[in-house]
Number of protein chains: 2
Amino acid sequence: MRAAWTLSLLFVLAGLRPAVAEDSPAPEPPTMGSVLAATTAADWQAVDADDLLVMTVNGKQVLIELADDFAPRHADNIRKLATQHYFDGLKIMRVQENYVVQWGDPAEEETARRPLGEAAAKLPAEFDRAWGTLPFAAIPDRDAYADQTGFTHGFPVGRDAQAERGWLLHCYAMVGAGRGNEADSSNGSELYVVSGHSPRHLDRNITLVGRVIEGMEALTVLPRGTGPLGFYELPEQYVPITSVRLASTLPEAERPRRERLRTESPAFARLIEARRHRMEPWFIHPVGRIEVCNVPIPVRTPQ
Amino acid sequence: MRAAWTLSLLFVLAGLRPAVAEDSPAPEPPTMGSVLAATTAADWQAVDADDLLVMTVNGKQVLIELADDFAPRHADNIRKLATQHYFDGLKIMRVQENYVVQWGDPAEEETARRPLGEAAAKLPAEFDRAWGTLPFAAIPDRDAYADQTGFTHGFPVGRDAQAERGWLLHCYAMVGAGRGNEADSSNGSELYVVSGHSPRHLDRNITLVGRVIEGMEALTVLPRGTGPLGFYELPEQYVPITSVRLASTLPEAERPRRERLRTESPAFARLIEARRHRMEPWFIHPVGRIEVCNVPIPVRTPQ
């Protein structure tokens, strides 16, 4: 059956239960769809307008949530830059296949660069932090890079229980602050987003500042740079950034509003289990494991 | 130093030694660049023209190496389809952000579909195989999904030493054969390539048939489908496949020739170590680990 094949193939590749099995008398095993359908308002967290950057590129909106728990100083600096409209008219300079999309001020000469205004030119590195009282939704399975992985307030994190330290992970869609060889050489004016397989070797080597929660495709469809490391070779190839705004500085009517499934909620714990144990009829090998960057973090627009 | 910062940032994000450190008196630690510079002809393997598919889309070439060791029957069927020019004029129907690009015959009705000619309509699943005498370049670090991971003849693989079974892994750029709920419902006429973070939960659930060794960006820059699971909603959105040819059926002068670093070579073992231990001055946390899908498989065009 071509129709059934195609249908099941689609559902399969998204890990949802194929419609072709709907008439099965057996109770449905949990899936992402059924877990989300059973959520209540309390399972969802409104993204704070003070943590939400609205980046406009080619008429499309990219929404970035800042990670105050792990990079408070970089987040504050980026808020200052956005409030000053620092990024407006700056450029996407680099689009490297299966790696990163990077933007900032392309001027090589210090003197030619846009002034940072109220924002700091250098910040201490925020590669990791004392764990303290942060919540932790743990992944029970092995990870190549960290002894423990899981989620904290909507972000993928690594944890060292002995040292009681925690850090953000370079999963797809995570946003970081470019730096030079000095740990304190980043300030949030030059940013990159992970656009491919997660380059986890960058964890704890560079300050991650947030995550794109919507609109990645506005960046990932851009032409790849043909220069070394995916940099555009000619200034006319740069992709202009129309604007970057902090949502809380926008008029009420213009603020995008989004909700994230609380990673501290029982619903998210059920989602992790539904994704670890793929019970859909399509699955032949049960899997029974998951890697942190393969866990989706559901985001919705409130009605 | 803006210039130095930018320079080191670029090199950094590619894991190469920043040029700014060139004048250091200390011996350079191995990097991908230095390991490749030290290779000899014996470290490189010419990709067999009978294993090389040349797919042309929007005037760009996508090169796919077939994985005879793990999917010999699917590889043979795909050779038959390509030799019959089966794929010419068929469509890319699905481009799902951070997941897969998928192509084949969009016709829903069996009767409306292009005949498979010499090729089989169904094949037994080739999800894994008895390990036998295959070579194995092992990754020493943990993996979320497999007890052992590494490389065999240029492909990322998982291994179960007790069961003496091996299988290909869903790393970025791996190509698979779509199937329905029945394990034996794939035939290689509908294919997908992994375009984002590796969906390793698909390992051993669907037959992987090869790997894109060049030209991924011809597929990953395509507009994302706006229908469920990234399918294009309108036939006019389909991206036509100009042609798919088996390189060995092309006139000598038109055959693309590529070489892969032998994953069985000492040079590849050195490359894995250079990527596990990031000694470049930029790195502050030494890493000391790697995940299989983060190991590059170098490909070059012979002079």
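The values are calculated or read from the model by the stated rules, or taken from the named source; none is laboratory data. None of these values were measured; they are calculated from a predicted model. As a convention, Cβ positions derive from the backbone with ideal geometry for all residues, glycine included, and neighbour counts pool all protein chains shown. Ligands, DNA and RNA are stripped out before the accessible areas are found, and what is left, the full protein with its side chains, is counted by its heavy atoms. Shrake-Rupley method; radii C 1.70, N 1.55, O 1.52, S 1.80 Å.
Once both axes come from the Cα atoms, what is the angle between helix B:72-83 and the longest principal axis of chain B, in degrees from 0 to 90, rounded to 10?
70
Give me Rg/Rg_expected for the protein assembly as shown, where Rg uses Cα atoms only and Rg_expected = 2.2 N^0.38 Å with N residues.
With N residues counted in the protein assembly as shown, Rg over 2.2 N^0.38 Å equals 0.95.
Defining a contact as two alpha carbons under 8 Å apart and six or more residues distant in sequence, what relative contact order in percent does chain A show?
29
Could you run the Karplus curve 6.51 cos²θ - 1.76 cosθ + 1.60 with θ = phi - 60° over the range B:158-174 and give me ³J(HN,Hα) per residue in whole Hz, x for Gly and Pro?
Rounded to whole hertz, the list is x, 9, 10, 5, 5, 7, 6, 10, x, 7, 6, 10, 7, 7, 3, 6, 6.
For n ≥ 4 DSSP H runs only, could you compute -39500 (n - 2.57) per run for the protein assembly as shown, divide by its residues and tell me the 222 nm figure to the nearest 500?
Value at 222 nm, helices only: -4500 deg cm²/dmol.
Mind checking the full-extension length gain between B:Ala112 and B:Ala38? Use 0.36 nm per residue of separation minus the Cα-Cα distance, one decimal, nm.
Taking B:Ala112 through B:Ala38 to full extension adds about 21.2 nm, to one decimal.
Please tell me the relative contact order of the range B:123-253 in percent, rounded to the nearest whole number, where contacts are Cα pairs under 8 Å and at least six residues apart.
The normalised contact order for the range B:123-253 reaches 21 percent.
Once fully extended, how much extra length lies between A:Thr133 and A:Thr83, figured as 0.36 nm per residue of separation less the alpha-carbon to alpha-carbon distance?
14.9 nm
Between chains A and B, what is the buried accessible area summed over both chains (1.4 Å probe, protein heavy atoms, nearest 100 Å²)?
For A against B, buried area totals roughly 6500 Å².
Could you sort the peptides A:199-209, B:86-96 by per-residue average Cβ neighbour count (10 Å cutoff), highest mean leading?
A:199-209, B:86-96
With a 1.4 Å probe and every protein chain kept in, tell me what percent of the accessible surface of the range A:193-268 is carbon plus sulfur.
Within the range A:193-268, the accessible surface is 53 percent carbon and sulfur.
Suppose accessible area is computed on protein heavy atoms with a 1.4 Å probe; arrange A:Ser34, A:Ser195 from highest to lowest.
Listed by decreasing accessible area, they come as A:Ser34, A:Ser195.
What is the sum of charges around A:Arg300, taking Lys and Arg as +1, Asp and Glu as -1, for the other residues whose C-beta is under 14 Å from the C-beta of A:Arg300?
Neighbour charge sum, excluding A:Arg300 itself: 0.
Put a dot 7 Å past each Cα toward the Cβ at B:Glu252 and A:Ser243; how far apart are the dots in nm?
Result: 6.3 nm between the two label points.
Which residues of the range A:269-287 bury at least 40 Å² of accessible area once all protein chains are present, versus their chain alone (1.4 Å probe)?
By number: A:Trp282, A:Ile284, A:His285.
Using a 1.4 angstrom probe, figure out how much accessible area the protein assembly as shown has per residue, in square angstrom, rounded to the nearest whole.
38
What average number of partner chain Cβ atoms lie no more than 10 Å from the Cβ of the residues making up A:128-140?
If you average over the peptide's residues, the count of other-chain Cβ atoms is 0.
Can you pull the percent of the range A:69-176's accessible area that's carbon plus sulfur, 1.4 Å probe, other chains left in place?
Ligands and nucleic acids excluded, carbon and sulfur reach 49 percent.
For A:Asp51, B:Asp76, what's the largest-to-smallest order of accessible area, 1.4 Å probe?
Result of the area sort, largest leading: B:Asp76, A:Asp51.
Enter the mean number of other protein chain beta carbons within 10 Å of the beta carbon of each residue in A:219-226, as an integer.
Partner-chain Cβ atoms within 10 Å, mean over residues of A:219-226: 3.
Of A:Lys60/A:Lys91; B:Lys60/B:Lys91; B:Lys60/B:Lys122, which pairs sit farther than 20 Å apart, going by alpha carbon to alpha carbon?
Beyond 20 Å: B:Lys60/B:Lys122.
For the range B:170-195, state which residues have at least 40 Å² less accessible area in the presence of all protein chains than in their chain by itself, taking the probe as 1.4 Å and leaving out ligands, DNA and RNA.
The answer is B:Tyr172, B:Arg179, B:Asn181, B:Glu190.
Say R0 is 45 Å: what FRET efficiency, to the nearest 0.05, do B:Asp160 and B:Met279 get from their beta-carbon distance?
Here the calculated transfer efficiency is 0.85.
Spelling out what I want: for every residue of the range B:232-245, take phi, set θ = phi - 60°, compute 6.51 cos²θ - 1.76 cosθ + 1.60 (Karplus), and round to whole Hz; glycine and proline get x.
Result, rounded to whole Hz: 5, 8, 10, x, 5, 8, 3, 9, x, 8, 5, 6, 10, 10.
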